[in-house]
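The values are calculated or read from the model by the stated rules, or taken from the named source; none is laboratory data. This one's a predicted model, so the numbers in the text were calculated from it and none came from an experiment. For neighbour counting, all protein chains shown are included, and Cβ atoms are generated from backbone atoms with ideal geometry for every residue, glycine included. To get the accessible areas, we keep the full protein, side chains included, count just its heavy atoms, and leave off ligands, DNA and RNA. Shrake-Rupley method; radii C 1.70, N 1.55, O 1.52, S 1.80 Å.
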Amino acid sequence: MSLLEVKDLTIHYLTDDGDVSAVNGISFSMEKGDTLGLVGETGAGKSTTALGIMRLVPNPPGKILRGEILFDEEDLLAKPEAEMRKIRGNKISMIFQDPMTALNPVMRVDEQVAEVVKRHSGLNKSDSLRRALDMLQTVGIPPERGGDYPHQFSGGMKQRVVIAIALACTPQLLIADEPTTALDVTIQAQVLDMMNDLKQEFGTSMILITHDLGIVAETCDKVAIMYAGKIVEYGSLRDIFKQTAHPYTIGLFNSLPPASSDVKRLKPIPGLMPDPTDLPTGCSFHPRCPFCQELCTEKAPEDKIISPGHSIRCHFYQELKEKRPVAEVGK
Amino acid sequence: MLKFVGRRVLWLIPVMLGAIFIVFAINAIDPGDPVSALLGGSYTQEQYDDKKIELGLDKPFIVRYAGYVKDIVTDGDFGTSYTTKRPVSTELVERFGVTFKVAVISILIAIVLGLPFGIISAVKQYSIADNAVTIISLVFASMPGFWLALMLMLAFALNIKIFPASGIEGWKSWVLPCLASGLSFIATITRMTRSSMLDVVRQDYIRTARAKGLDERTVIVKHGVRNALIPIITTIGFQFGILVSGSVIVETIFSLPGLGTLMMTAINNRDYPVIEGCVIIMAALICVINLLVDLVYGFVDPQIMEQMKGSKKARRARHKTMGAHAL
C-alpha cells in the first residue's frame, strides 16, 4: 500500500497575464519510508506540486484543476478544509526554502514549535512547551535558547527550528522544499544529515525538492525529474543515475562539472525553460532537445515504462539508448 | 530600557527650548501689537508706554525669552494672561482636559473600528466588503474635518435633535465633536491597516502558520496582526498629534472650552503668554506621544526592544551562546 499516490495533478495560476500552467498532470506514488527526490530547474513546478499536496496553493490566483492526491488511501483534494487542517503539520508537514523568512519574527521560537504541538496533540500549554523544548533539543538547539526570537539565530539555526516545527508531531510525510538552498555549503551537509537521521528515527517518508543532484544522490531512494510541470523521468536512484534515459536528464548530468577530469567549460542545456503561459506544442522539451524529431513537435509523449519502476516521457528513448551508450552518461 | 527612556526625556529639553523660541520669535515679528489691542481705540503715548513696561514688552527679545524660560523652570510660571489677568498655568490646566478627552476618544473610536475594518479588507481583498470599506474610507479621508463637523451638527443637532450643537452638558455633548474628529481617522487607520496586512499575509511565516494546520482566524490574528502593527502605531501616534493641534477647528465649531478655543481667543487678543503656553503644552504632549509610540514599538517587535535595551552585557551573553552552538 502506498503512503502517497498522486494522480494526474494539474495546478494552474489564473493571472491577468494569462493562464500559467505550473503543474500539468503529474502522477507518482511513494511507499512508506521512501525518500523521493523531486528535481528540476526553477519554474518546473516543484514547489507548486508540494503546495498542492498540502493544499496551500495560494488561491487566487492558484487553482488545482484536477487530479487526486491519495494519502493513506484518502483523497486530500476531496477533504473539507477543516479536515485538511488536522492533517497539515500533523500527518504531512513542510519545510520551506528560506529559513530567514519562514519564522514569525515577533514570536519566541519555543512558542512557535509549541503551537503546532498544542494544535495537534491536545496537550495543554505548558506540556506543549515542554515538548517543544525537547524537540528543539533534538534538532540541536539548547533549551535555554527557546525563549529567543528568530532574529537572534543564524540561518542554519533557524532552519533547525523550522525542522523542529515540521517534525514536532512526527508526521508520516515530510515535504522539504529546497531545505538547504539558502544555507552555506558547510551547513547544508549538517542540516541534511540531521534530516536524514530524524527521518530514520521517526520513520517519516520524505519528498525532497531540490535542483542539486548531489543532494539527491546522497539522500533519495526514488527520483522524479520535472520539466515544465511534468515528470519527464521517474525511477529509482540507480535508474536515474546509471540508466539515465530522458534527454533532459542527460542534459542535467552533462551540465555538472565532472569531478574526475579538468574541464574549462560547463555544458549547459541550451535555451531557457519555456514560458509556462505558452508551453510549446508536443513535448515541452523539444525546443531544447538535441534529439528532437518532427514527431516531438506535434505529439506530447506518453509515460512509458522502460524497466520495472523506471518510466519516461520521450518518443525516442529506444533510439537514444542505442545512440548513446549509457556508460558515457554516468560519468 | 530606563536608559532609553531617560535619554529620550533629556532630548525633550532642547526640543522644548526650540519650540518656545519659535513661538516667541513669531510673536515678536508678528505685525499685531498687544499693547494697543489691550488699550482699545484711544490712548495717550504715556498710557501706551506705561502699559508696555507693565507687560515687560520694553525689554529686548532675548532677555524676555530667557526670563520666560527661567520662570517656567524655577516656578512652573507660564506668565499671566494679558486679558483675564489669571495665571496662564491655571487656564491651561482647566482647558487641557477637554482637548485631551476629545483626542483620546476619537483615537479610540478610530482604533476600535479602523483596525477590524482594515483587517477584513486585507484578508478579503477585492471582495464586496473590501470595496465597500475602501470607498467609505476614501470618502471620509478626503472630507475636510470642519465640513464634516458642520454636516454632523446639521444632521444630528438641528434636523434630528438628539445631540447638542455646542457647549458641554453631559456625555451627549462629546458625541459629535469626537465623531467629527474621529471619522476621518477611522479612514486613515483602515487604509494603513489594510496595506500593512496585505503586506504581511504574503509573508512566508504566514504560510508556515498555515502549514501548521492552524485555523485561518489564528493565522491572521496571532501571526498577522502583530507583525502588521508597526506602521499602524506610527499612524496612530501621528494622528494624535494632528488631533491635538487640529483641536482648534472642532472646538471652535462646537464651542468647547478646550486648548484650541483658548489659543484662538488668545491669538485674536494678542495675548502672548497664553499663546505661548498653549503651544508649549501641545509641543510637550506631541513629544510624549512620540516617546510612547517608540516604547510601544519595543513591546510589539522584540528586535526593536533589543535595540532599546541595547545593553552590552545582553549582547555579549548572546554572542557567547551563539558561538557555542553556532552552526
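Find the residue count for the stretch B:107-119, including only residues that are out of contact with any helix residue (DSSP H, G or I) (no Cβ under 6 Å at 6 or more places or on another chain) and open to solvent by 60 Å² or more (accessible area, probe 1.4 Å).
Number satisfying all stated conditions: 2.
Return the only residue of A:Lys242, A:Lys230, A:Lys267 being within 19 Å of A:Val23 (Cβ to Cβ) and either outside the structural domain of A:Ser27 (by TED's automatic domain parsing) or charged (D, E, K, R) (or both).
Sole residue among the options that is within 19 Å of A:Val23 (Cβ to Cβ) and either outside the structural domain of A:Ser27 (by TED's automatic domain parsing) or charged (D, E, K, R) (or both): A:Lys230.
Are any of the residues in the stretch A:167-177 in a helix (DSSP H, G or I), in contact with a strand residue (DSSP E or B) (Cβ under 8 Å, 6 or more places away or on another chain) and at pLDDT below 90?
yes
Identify, from the list A:Ile250, A:Ile305, the residue that is of a type in the set (A, V, I, L, M), assigned to a strand (DSSP E or B) and at pLDDT 85 or above.
A:Ile305
Among the numbered conditions (1) open to solvent by 20 Å² or more (accessible area, probe 1.4 Å); (2) at pLDDT below 90, tell me where A:Ser126 comes up short.
All conditions pass for A:Ser126, except number (2).
From B:Ile242, B:Ile232, which residue is more than 10 Å from chain A (Cβ to nearest Cβ), at pLDDT 90 or above and out of contact with any Lys or Arg (no Cβ under 6 Å at 6 or more places or on another chain)?
Result of the check over B:Ile242, B:Ile232: B:Ile232.
If I go through the stretch A:238-278 residue by residue, how many of them are touching a strand residue (DSSP E or B) at 6+ places or on another chain (Cβ under 6 Å) and crowded, with 17+ Cβ neighbours inside 10 Å?
The total comes to 7.
Cβ-Cβ distance below 9 Å, separation of 6 or more or different chains: which pairs start in the stretch A:76-101 with a residue that is under 19 Å from A:Leu192 (Cα atoms) and end on one that is of a type in the set (D, E, K, R) and open to solvent by 50 Å² or more (accessible area, probe 1.4 Å)?
Listed pairs, sorted by first residue: A:Met94/B:Arg207; A:Phe96/B:Arg207.
Checking B:Phe299 against (1) within 13 Å of chain A (Cβ to nearest Cβ); (2) modelled with pLDDT of 90 or more; (3) open to solvent by 60 Å² or more (accessible area, probe 1.4 Å), which test does it fail?
Only one criterion is unmet by B:Phe299, namely (2).
For residues that are of a type in the set (Phe, Trp, Tyr) and open to solvent by less than 10 Å² (accessible area, probe 1.4 Å), tally how many sit in the stretch A:207-237.
Qualifying residue count, the stretch A:207-237: 1.
Out of contact with any Lys or Arg (no Cβ under 9 Å at 6 or more places or on another chain), among the β-branched types (Val, Ile, Thr) and not in a helix (DSSP H, G or I): is that true of B:Ile189 in this structure?
So B:Ile189 does not fit the description; no.
Taking B:Val93 as the residue in question, decide whether it is touching a residue at least 60 places away in the same chain (Cβ under 8 Å), in a helix (DSSP H, G or I) and farther than 30 Å from B:Val200 by Cα.
The answer is no for B:Val93.
Okay, residues lined up against (1) touching an Asp or Glu at 6+ places or on another chain (Cβ under 9 Å); (2) of a type in the set (Lys, Arg); (3) open to solvent by 70 Å² or more (accessible area, probe 1.4 Å); (4) on the phi < 0 side of the Ramachandran plot:
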residue: B:Gln45; (1), (2), (3), (4): no, no, yes, yes
residue: B:Lys51; (1), (2), (3), (4): no, yes, no, yes
residue: B:Asp71; (1), (2), (3), (4): yes, no, no, yes
residue: B:Thr74; (1), (2), (3), (4): no, no, yes, yes
residue: B:Lys85; (1), (2), (3), (4): no, yes, yes, no
residue: B:Ser89; (1), (2), (3), (4): yes, no, no, yes
